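Computed from the coordinates by the stated procedures, all read-outs in this text should not be read as laboratory data. These figures come from a predicted structure and were not determined experimentally. FYI the Cβ positions are ideal-geometry reconstructions off the backbone, even for glycines, and counts take in every protein chain you see.
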Amino acid sequence: MSFPQIPKIEYKGPESTDPLSYRFYNKSEIIMGKTMEEWCRFSLCSWHTFRGKGADPFGFPTMKRHFDDESDSMENAKRRIDAMFEMLVKLDIGYYTFHDRDVSPEGSTLEESNKMLDEIVDYLAEKQKETGVKLLWATQNLFSHPRYMNGGATNPDATTFAYACTQAKKVIEINHKLGGENVVYWGGREGYQSVLNTDVKREMDHMAAFFRMCRDYRDKIGSTAQLLIEPKPREPTKHQYDYDAQTVIGFLCTYGLQGDFKVNIEPNHTTLAGHDYEHDILVASKLGFLGSIDCNSGDPLLGWDTDMFCTDIKKTTLVMKIVIEQGGLHAGGLNFDCKVRRESTEDRDLFIGHIGGIDNFARGLRNAAKIIQDNVIDNMVKERYATFDEGFGKTVEEGTATLESAAAFAVKAGEPEQKSGRQEEYEMILNRYV
Ligand code: XLS
Ligand code: NI
Ligand code: NI
């Protein structure tokens, strides 16, 4: 056992003061026609939770894990996997996610890396079978190794591009083998540091070619995994091509890939892009592109991807309202791409972080369901747009309006009536629910 001191985490209700219990996440409780488990589809990530040791650009690792001897051996990789599945079962989380290189060591050649990865994938398959836990998504690490310092799919060197393709090909295969429901593409080094040395147009063309090749190979091997691009504006690269949800959607439409890819939104990336926490989730969802969520949170005083567990009930309420409105996350989930602070060095902290995150999204779900059922906010919004429900406004929505018909209508209607946006009232109403 990797965590002998941690019991199985149970739902104990809102009055519970036991930090190792759920107060709001009651997995089989039905909310608006689905269980809480079905709405939330929680997932644990292998990289932060099992490879993150608290190192930052200024300091060495702070955390020691007794299940990790810090070697690059296969035995050690398997020990970490044992710990991960024990944690999944104890937290009662149904899904997990990984990068090729965080579950399995990198060998001295591609063949050797793939061989080791195959052995690890067999091990993961056994663990999945034993526990019933499923794979939400796998992804390829095209950003840590020095060969990718100038990018993977947007590298100016074709050999490196091919290397990135080989890793992506392998991930599509192993994801299929493990029944993974999505494959994620996060382009941390797909972008530029200087416009002087960069042919932006060629790089974007190459990125589109890479995505096309991934889609074709997925189809070829009979995988039905949903393909997801994860936007982020910067970090590690100064400017990343997948800046935010709208940029990615525009990119997909430009290159004719809009039917093949959706987005995996990480709110900490959204706030790095200068938007509100829920903005990208909202925009992606309303345009039909929201595939999955990396449900973390940033710190407003630190300008980077701090990957914290979300503790803000208002934010989780707004996010879960959007999730309910689109009928759930379907193949996606709420993936904890989150890490504990480097000062939180005990194993127990890893559990507490996840329990807090799970409970805050569960509470957000309960709040959102009440907001939707009471229908106060949505009715006010509907009323705000009422002039588009009839007459000239309706012709705009139907696509039959012209500038001439607009001009004729405006002249007849005269000066528009002033209508309050009532923002303070909306904010007051939201606060009744949180
Ligand atoms: C980094 C990203 C990364 C992706 C997977 O900022 O969030 O962890 O989710 O490559
Ligand atoms: Ni992420
Ligand atoms: Ni991130």
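For this structure, a couple of remarks:
- Residue pairs, from the table Lys27/Lys134; Lys90/Lys169; Lys27/Lys370; Lys177/Lys321, whose Cα atoms sit over 22 Å apart: Lys90/Lys169; Lys177/Lys321
- All Cα pairs of the stretch 325-382, percent lying beyond 13 Å: 72
- Measuring between their Cα centroids, the stretch 106-170 and the stretch 369-434 lie 49 Å from each other.
- Amide H contacts of Thr62: Gly54, Ala55, each under 5 Å away and 5 or more positions distant or on a separate chain (H built 1.01 Å from N in the peptide plane; Pro and chain starts excluded).
- Peptides 135-144, 340-349 ranked from most to least packed give 135-144, 340-349, packing being the mean of other C-beta atoms within 10 angstrom over each peptide's residues.
- Extents of the stretch 10-374, largest first, come to 59, 46, 44 Å (Cα atoms, principal axes, whole angstrom).
- If you model the stretch 275-323 as an ellipsoid using its alpha carbon gyration tensor, with each semi-axis the square root of five times an eigenvalue, the axes come out at 20, 12, 9 Å, biggest first.
- Nearest-ten-degree value, helix 245-254 long axis tilted from longest Cα axis of the chain: 90
- Radius 9 Å from Cβ of Leu227, net charge of other residues (Lys, Arg +1; Asp, Glu -1): +2
- Residues whose amide H comes within less than 5 Å of that of His239, counting only those at least five positions distant or on another chain, are Tyr192 (H built at 1.01 Å from N in the peptide plane).
- In this structure, the amide hydrogen of Val183, modeled 1.01 Å from its nitrogen in the peptide plane, lies closer than 5 angstrom to those of Gln226, Leu227, Leu228, counting only residues at least 5 positions away or on a different chain.
- Debye log10 I(q)/I(0) at q = 0.18 Å⁻¹ for the stretch 90-212, Cα point scatterers: -0.94
- A Förster distance of 30 Å, applied to the separation of the beta-carbon atoms of Met428 and Val396, puts the FRET efficiency at 0.45.
- Residues Thr131, Thr237 in ascending order of nearby Cβ atoms (within 10 Å, fewest first): Thr131, Thr237.
- Environment charge at Phe392 (Cβ cut-off 13 Å; Lys +1, Arg +1, Asp -1, Glu -1): -3
- Among the GluC sites (Glu not before Pro) within the stretch 1-71, those in coil by DSSP and having at most 11 neighbouring Cβ atoms inside 10 Å are Glu15, Glu70.
- Long pairs among Lys53/Lys315; Lys129/Lys339; Lys286/Lys382; Lys286/Lys315, criterion Cα-Cα beyond 20 Å: Lys53/Lys315; Lys129/Lys339
- DSSP bridge orientation in the chain - percent antiparallel, rounded to nearest 5: 20
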